[in-house]
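Some notes on the structure that comes next.
The values are calculated or read from the model by the stated rules, or taken from the named source; none is laboratory data. Here the structure is a predicted model, which means the values were calculated and not measured. All Cβ positions, glycine included, derive from the backbone under ideal geometry; neighbour counts span all protein chains shown.
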Amino acid sequence: MQLDPKVTRVAIPSKGRLQEPAEKLLQAAGIRFRRRDRSLFAHVNGLDLVVLLVRPDDIPVLVAEGAADLGIVGQDLVEEHGCVRRVEHLLDLDFGHCRLCVAARERSGIKAVKHLAGKKVAASMVHSARAFFKRHKVKADLVEVSGSVEVMVALGLADAIVDLVESGDTLRDNGLAVIDTVSRSQAVLIRSRRPRDAKLCDLIQRRLKGVLTARQYTLLEYNVRRDRLKAAEKITPGFESPTVSDLEDPKWCAVKVMIPKKQSVEIIDKLEALGASAILETEILNCRL
């Protein structure tokens, strides 16, 4: 089946650690589609938009070349494929956090990048690794590998590795330790320099940003005495200001305000100590600020 050349396209990973969170983010933003087995694309309900389901490594190039208008991909892959200046970086998506690290066997005596001069280094992202060693003026023998990069040292094929690290458990299991960080990465939203429909791309960006903002905040409602309202507002200032409503008892008022989700427990403790009552916390699914 051929795609309409004018239809807007957003590329997302068809597999890997970013696949599920990318699909959930789109669904939360009202970009709903049905994924079918072996299908490379899916039409979005209610929008002139198609979701491309492709290999993560292909996404930066597809967006840079204009084959896709938007893409959800790791920043590490954007850098590895030399697409940083060829695409627009729109949003950090706050999932898929990892580091591209240089690691060596703990008891090898290799404690710094300079110790790798003349050594063999296995790298899953050889272009990023090569640029890193060039910045440090270290000449290492880089070998591009894929799959289980960590075992290359144990097999005697390399003295060190350059690979993505999330928790670091796999490195420790293989007796390796990080000696330096090449770069930090997370999932990002990128856009082609010449999108098919710039207004639709802007709409998708705003929708995704609304979901991301909602995930960072929670809605708090509480009652507080009028004479303590100013003190309560210092605890929950909101954005411009909190919403304050009259209660039947003129000595009391109701307050509704967005607060940082990570601080909600501490904020509720402070409000309770101030004498606030009927404190309710509600999840926010979407918002625009």
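Please enumerate the residues belonging to segment 262-289 that are surrounded by fewer than 15 Cβ atoms within 10 Å (Cβ to Cβ), farther than 17 Å from ARG215 by Cα and free of Cβ contacts under 8 Å to residues at least 40 places away in the same chain. Listed by number, the residues that qualify are GLU266, ASP269, GLU272, ALA273. Scanning segment 238-253 for residues that are within 12 Å of ARG228 (Cα to Cα) and either surrounded by 11 or more Cβ atoms within 10 Å (Cβ to Cβ) or in contact with a Leu (Cβ under 9 Å, 6 or more places away or on another chain) (or both) yields TRP252, CYS253.
Among the residues of segment 225-232, are any free of Cβ contacts under 8 Å to residues at least 12 places away in the same chain and of a type in the set (D, E, K, R)? So far as segment 225-232 goes, yes, one or more of its residues are free of Cβ contacts under 8 Å to residues at least 12 places away in the same chain and of a type in the set (D, E, K, R). Would you confirm whether or not segment 64-72 contains a residue that is surrounded by fewer than 18 Cβ atoms within 10 Å (Cβ to Cβ), within 19 Å of VAL87 (Cα to Cα), of a type in the set (Asp, Glu) and over 19 Å from the mean Cα position of the chain (by Cα)? Yes: one or more hits. Per this entry, VAL188 is counted among residues that are in contact (Cβ under 8 Å) with a residue 60 or more places away in the chain and of a type in the set (A, V, I, L, M). Across segment 156-185, the number of residues qualifying as part of a helix (DSSP H, G or I) and either over 15 Å from SER124 (Cβ atoms) or among the β-branched types (Val, Ile, Thr) (or both) comes to 4. Here the condition is being surrounded by fewer than 16 Cβ atoms within 10 Å (Cβ to Cβ) and in contact (Cβ under 8 Å) with a residue 60 or more places away in the chain; of HIS43, HIS127, HIS89, it holds for HIS89 alone.
So which of GLY71, GLY118, GLY147, GLY109 is within 26 Å of GLU20 (Cα to Cα) and not assigned by TED's automatic domain parsing to the domain that holds GLN19? Sole residue among the options that is within 26 Å of GLU20 (Cα to Cα) and not assigned by TED's automatic domain parsing to the domain that holds GLN19: GLY147.
Checked against the criterion of being outside the structural domain of PRO56 (by TED's automatic domain parsing), surrounded by 16 or more Cβ atoms within 10 Å (Cβ to Cβ) and over 24 Å from the mean Cα position of the chain (by Cα), the candidates VAL138, VAL162 yield just one match: VAL138.
The lone criterion from (1) modelled with pLDDT of 95 or more; (2) assigned to a loop (DSSP other than H, G, I, E, B); (3) of a type in the set (S, T, N, Q) left unmet by SER241 is number (1).
Among the residues of segment 186-211, those identified as crowded, with 20+ Cβ neighbours inside 10 Å and either in a strand (DSSP E or B) or among the acidic types (Asp, Glu) (or both) are ALA187, VAL188, LEU189, ILE190, ARG191, SER192.
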